[in-house]
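Each remark here refers to the structure printed beneath this line.
The values are calculated or read from the model by the stated rules, or taken from the named source; none is laboratory data. Small disclaimer: the values here were computed from a predicted structure and weren't measured. A quick note on method: Cβ atoms are made from the backbone with ideal geometry, for glycine too, and the neighbour counts reach across all protein chains shown. Ligands, DNA and RNA are stripped out before the accessible areas are found, and what is left, the full protein with its side chains, is counted by its heavy atoms. Shrake-Rupley method; radii C 1.70, N 1.55, O 1.52, S 1.80 Å.
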Amino acid sequence: MEFSIGEVASAVGISVHALRFYERRGLLVGPVRRTAGGRRRYTEIDVDWLRICIRLRAAGMPLTALQRFAALVRDGPGNEGERLALLDAQRERVEEQIRALEQAREIIAWKVDTYRQHLEGGNGGALWDPAADREANG
């Protein structure tokens with residue numbers, strides 16, 4: 001089964017413009033077929049691969065790393081170790097992002113609890129107010 005550029009863009013959740021960008025940057029693993037009239041035709045393999053690319057980019061994989069990964073896949077068997085190294089490096093970046101987000105979530109939860117307790121206790125005015133502190137210490 002083959003798909004038009006609009007069908008693929010819709011299926012993977014990106015714009016047609018973004019799909020063309022992915023193609024120009026060499027992120028697809030195979031050549032895009034064209035009709036006699038020059039219209040792009042994509043396969044299910046293209047769609048599946050684009051879903052992987054989009055997830056890797058959403059996870060912060062640098063474009064150069066994604067381009068390298070796509071090139072390695074296009075080259076076929078024999079470079080699996082390099083592919084694994086790229087994915088391991090990306091996994092570590094994602095793990096670090098998760099740790100940072102968990103720390104941010106903890107701070108936000110603490111502040112939410114603090115505000116909630118003050119407001120429910122009727123002493124919201126006791127919360128830190130930098131403007132009031134400047135005036136008092138001014």
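For region 25-69, a residue qualifies if it is open to solvent by 40 Å² or more (accessible area, probe 1.4 Å) and in contact (Cβ under 8 Å) with a residue 40 or more places away in the chain, and the qualifying residues are Arg25, Thr43, Glu44, Gln67. Cβ separations smaller than 8 Å between residues 6+ apart or across chains give no pair from region 89-117 residues that are assigned to a helix (DSSP H, G or I) to residues that are open to solvent by less than 100 Å² (accessible area, probe 1.4 Å) and aromatic (Phe, Trp, Tyr).
From the list Glu106, Glu80, Glu95, the lone residue that is at pLDDT 95 or above and under 15 Å from the mean Cα position of the chain (by Cα) is Glu95.
Checked against (1) touching a Gly at 6+ places or on another chain (Cβ under 6 Å); (2) assigned to a loop (DSSP other than H, G, I, E, B), Gln67 meets all criteria but (2). Which members of region 6-24 meet the condition of being touching a helix residue (DSSP H, G or I) at 6+ places or on another chain (Cβ under 8 Å) and crowded, with 17+ Cβ neighbours inside 10 Å? Listed by number, the residues that qualify are Val8, Ala9, Val12, Ile14, Leu19, Tyr22.
Just give me the residues in region 72-86 being open to solvent by 70 Å² or more (accessible area, probe 1.4 Å) and either closer than 13 Å to Leu56 by Cβ or not in a helix (DSSP H, G or I) (or both), in sequence order. Pro77, Gly78 - these are the residues of region 72-86 that are open to solvent by 70 Å² or more (accessible area, probe 1.4 Å) and either closer than 13 Å to Leu56 by Cβ or not in a helix (DSSP H, G or I) (or both).
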